[in-house]
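Data first, discussion second: the structure below is written as structure tokens.
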Amino acid sequence: MAKVKAVIIDDQKDIRDTNRTLLHNNFPDVEVVGEADGVDSGVELIQKTDPDIVLLDIEIKGGTGFNILQKVRPYNFMVIFITAFDEFAIKAIKFSALDYILKPVNETEFCTAIESAISTYERNKVELQVQNLLDHVEDKGKNRKIILRTMESIYLVNLEDIVFCESDNSYTTFHLTDKKEILVSRGIKEYEQMLSHYRFFRPHQRYLVNLNHVERIDKNDGGSIILKNSNTIPISHRRKQALMDILKG
Amino acid sequence: MKLLFEHPLKSFFFGFFVSLLLLSTNTVAQPNDIRQLSDSIRLEIQKADDNGEQLKSLLVTISKNRRRLKELFKPLMEDYIEHTQRVNFKPGLMEALDRLGHRERQEGNYEIATQYHLQSLEIATELADSAQLAYNYSNLGQVYRRQDYNALALQYFHKALNVQQALGDKQGVYFTQNSIGATYFAQEDYPEARYYIEQAINASIQYEDKRSLSFNYGCLGEIYLAQNMIDSAIYYFQQSRELKIETNQTDGIAVANHLLGQAYFAKGQYDKAQEEFEKALQIHIKTNNKRYQSLCLSYLGKIDIQQGRLDSAWETLNRAKDIALSIHSLENLVTIETALADYHKQEGNYNKAFDAFASSYAYRDSIISAKAKRNVQALEIEYQTKKKESEIELLFKENIIKEQRIRIGITLLVLLVTIFGLITTLYLQRQRNAKVLEAELQQKLSRSQMNPHFLSNAMCSIQKFMHNHDTQSAASYLGKFAQLNRAVLEHSLVDSIPLDEEIALLNNYLEFEQLRLSHAFSFKIDFDEDADIEMIRIPPLFIQPFVENAVKHGVKDLDGDGMVIVRFIDLNDMLKVEIIDNGKGMIAEPIQSKEHQSRSMEITKKRHKMLRQKFKNLPTFTLSNSNTENNVGVKITIHLPILSN
């Protein structure tokens, strides 16, 4: 079996070294074929080596990792971001269901992210994911689309088409307007954090609701949300006040 | 006659100052003040001698204050007239005579009024003062009209009209046209009445004088009603009512209502008629207009008879009769007695019916014998015109006072707004300060968590692992350290965190300490498995300092026997947190290395105090021995509010 080719683009040599070591120790099938520290050198490296994996820092010399992605289409590789705490960038990455590793690197997290990327990688879908990512970065939050990644497939979904999300431990089921259901292996909490700016509200531990699809609030039996598609979502008594505040405001 | 003087500052502002105005009204009309005013004017008159300018302005002062002067107005005016006669100041004398005549007419002294107006007229003619001439003609017309000398009244009105037309006094013209129309109506000369009223209507439309227009529409309606053209009558009564509503003439609205009622009654639409009369009656009761109350009640009684409600008719008609008798309203009594005759007829009591008829004829006779067949609308118009005339003065005067009051009011308002603004700013400033303080404390705490002491401890541990070539432990330790660092940073930036994140942070912290202290203790984080820990939100970074305390001063040196328990108990509106260790207890607490402990604890205590200012029912935190028998271990209990977002 041919080795998986990886490149590391980061402006800190220490990080590049650490990542190289971690890849070497944990993934014997992966070979690091090059390193770069900036936008231009990164673009050149990708074009020259045609890698399968790109470990990409966001803050690099001459710009950001996103600048590289803008310049190297089509995407014949999987991208894994390596970033320090940057709320906006992480949000854009999450909206595109891409993998990322936080600095300083935790080995367990590192391995999980690389494994996840390799196991779900499909070339034509990276295109969709990166496009959505760039839309988020360029539109500064005006983009209202999210990538949902399941075991088999990748979906690009309009936020307004999501009626509500239902949690089952570490899985989340998205219920869409066309009655379609998408099961994603991520916790509902992560989606709550991503979507709360888009009028999504968590009325209950198990549910995340798009408030644009609410028809009315039924105040009987401790309260529940009646959706326009006539589904009923319970309201936890702790969230009642916050829900009323949002609906009034 | 002048147009109504309307102050531009209306609506909202006035509403606001009503209370202010009312307050100061009390101080305006003190009897002593009036006497002083009257005396001082009298003195001024004497001093003015034959100075025309001064005398003129004094007359203006008297006229402006005539309402206030009340019964002192007439003697003062008489003195003024005497004085101007003596010094032979004719313009003043002429105007004063006209005004005094007007007052006398108001008081019903028609003969004296006529005398004054005629004297004034004489001088006006002598001085060739056309405007004054028109006033006098018009006023004379009104005096005669009052006495039902309609033909005479018409003569003077026409004279006034000629002068006003020559002078181009357009408003005067249409007021006079209205008077002429009403007089013709009283004479039952409907075509003439309609001609003049329609002229007046055109002019009041042109001048957008809605008040006059409302009267004129009312007149026109009455003319149609008298001619039995009921639909037209209804149309104009409705127009009149709309304008009266628009110009807020409460009594006028009621008049329009009962006129409509009369029209509907004539048409046989008794339900509609009843509705209108009931509406009118309500207002007439409020404004205490007995004549109209009696009128409405008499019609309501008639409607009752028409609809067969005889009991109600009897009661209503008697009410109407009582009121009519109390004010000697002959017209109403005629209507009422006729209706009562009808009632008795329906009851089959023909004797009583005859009696009632007889009474009704008696009243009718007495009206005719007085040769004063008064007409309701003519009277109303005259009354209203007169009222309007005095209102002009009144409003003028009031507006000056109002303007002063508004100036005072605005000053006060500005002052109030400034004070309010100041208070709000101060309050917001304080709130902001409190928020800033809270945020600063939170930041300070996060810094104190990640203080050099803590950092050097962590580095020493890593160093130890490295020296032992235990890279796995070193990496794992470093990873946990990074996670802890990140979580503390994140938590220090927000106002609330869900309980699951707090638990994750504590878990991470305790694991981290376990690694560093070579598993000198075990720990347990205890919470109700069914509790929705993601839904419970609490203020961040409150618990970790206590847990740190328990590790440092409780279980650090226990060589594997140590135990730290963190327990969360959901009390619905707050969260009770217990941190329990099985260490040496409070007595044997070492003094050394207390510096850091006291610092983060101090900050946490301050923060908790601030929380308790906001959440008054929050208990203070308590320390006790976890094992009371052996006097060992520490149990800290702290309550945190459960936040809604």
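Within the group B:74, B:47, which residue is under 19 Å from residue B:93 (Cβ atoms), at pLDDT 85 or above, out of contact with any strand residue (DSSP E or B) (no Cβ under 9 Å at 6 or more places or on another chain) and of a type in the set (Lys, Arg)? Spell out how you get there, then give the answer.
Values: B:47 fails: at pLDDT 85 or above.
That would be B:74, the only listed residue that is under 19 Å from residue B:93 (Cβ atoms), at pLDDT 85 or above, out of contact with any strand residue (DSSP E or B) (no Cβ under 9 Å at 6 or more places or on another chain) and of a type in the set (Lys, Arg).
For segment A:168-219, the set of residues classified as in a strand (DSSP E or B), in contact with a Leu (Cβ under 9 Å, 6 or more places away or on another chain) and among the aromatic types (Phe, Trp, Tyr) consists of A:171, A:174, A:200, A:201, listed by residue number. The residues of segment A:101-116 that are surrounded by fewer than 20 Cβ atoms within 10 Å (Cβ to Cβ), more than 12 Å from every other protein chain (Cβ to nearest Cβ) and either among the aliphatic types (A, V, I, L, M) or in contact with a strand residue (DSSP E or B) (Cβ under 7 Å, 6 or more places away or on another chain) (or both) amount to a single one, A:116. Scanning segment B:521-549 for residues that are within 14 Å of chain A (Cβ to nearest Cβ) and in contact with a Ser or Thr (Cβ under 8 Å, 6 or more places away or on another chain) gives B:532, B:535, B:537, B:538. Would you say residue A:23 is assigned to a helix (DSSP H, G or I), farther than 15 Å from residue A:59 by Cβ and within 23 Å of the chain's Cα centre (by Cα)? Judged against the criteria, residue A:23 is a match. Put simply, of B:177, B:187 the only residue that is crowded, with 24+ Cβ neighbours inside 10 Å, without any contact (Cβ under 8 Å) to a residue 60 or more places away in the chain and under 19 Å from residue B:142 (Cβ atoms) is B:177. Being in a helix (DSSP H, G or I), surrounded by 14 or more Cβ atoms within 10 Å (Cβ to Cβ) and away from chain A (no Cβ under 14 Å) holds for only one residue in B:480, B:552, and it is B:552.
Look at (1) farther than 21 Å from residue A:94 by Cα; (2) among the polar types (S, T, N, Q); (3) within 19 Å of the chain's Cα centre (by Cα) and you find that residue A:167 fails only one, number (1). Within segment B:500-514, the set of residues being in contact with a Phe, Trp or Tyr (Cβ under 9 Å, 6 or more places away or on another chain), surrounded by 19 or more Cβ atoms within 10 Å (Cβ to Cβ) and either without any contact (Cβ under 8 Å) to a residue 12 or more places away in the chain or within 14 Å of another protein chain (Cβ to nearest Cβ) (or both) comprises B:502, B:512.
Every residue in segment B:515-535 that is out of contact with any Asp or Glu (no Cβ under 7 Å at 6 or more places or on another chain), within 26 Å of residue B:642 (Cα to Cα) and in contact (Cβ under 8 Å) with a residue 24 or more places away in the chain, please. Explain how you work it out, then say what you get.
Keep residues of segment B:515-535 that are out of contact with any Asp or Glu (no Cβ under 7 Å at 6 or more places or on another chain), which gives B:515-519, B:521-527, B:529-530, B:532, B:535.
From what's left, within 26 Å of residue B:642 (Cα to Cα): B:523-527, B:529-530, B:532, B:535.
The answer is B:523, B:524, B:525, B:526, B:527, B:535.
Suppose the filter is more than 58 Å from the chain's Cα centre (by Cα), more than 14 Å from chain A (Cβ to nearest Cβ), at pLDDT 90 or above and surrounded by fewer than 20 Cβ atoms within 10 Å (Cβ to Cβ); does residue B:518 pass it? Answer is no for this residue. Look at segment A:225-249: where a residue is more than 10 Å from chain B (Cβ to nearest Cβ) and a partner is outside any loop (DSSP other than H, G, I, E, B) and acidic (Asp, Glu), sitting 6+ places away or on another chain with Cβ atoms under 7 Å, you get A:226/A:215; A:226/A:218; A:227/A:215; A:228/A:215.
The values are calculated or read from the model by the stated rules, or taken from the named source; none is laboratory data. On a predicted model such as this, the values are computed, not experimentally measured, just so you know. No Cβ is skipped: glycine too gets one built from the backbone with ideal geometry, and neighbour counts run over all protein chains shown.
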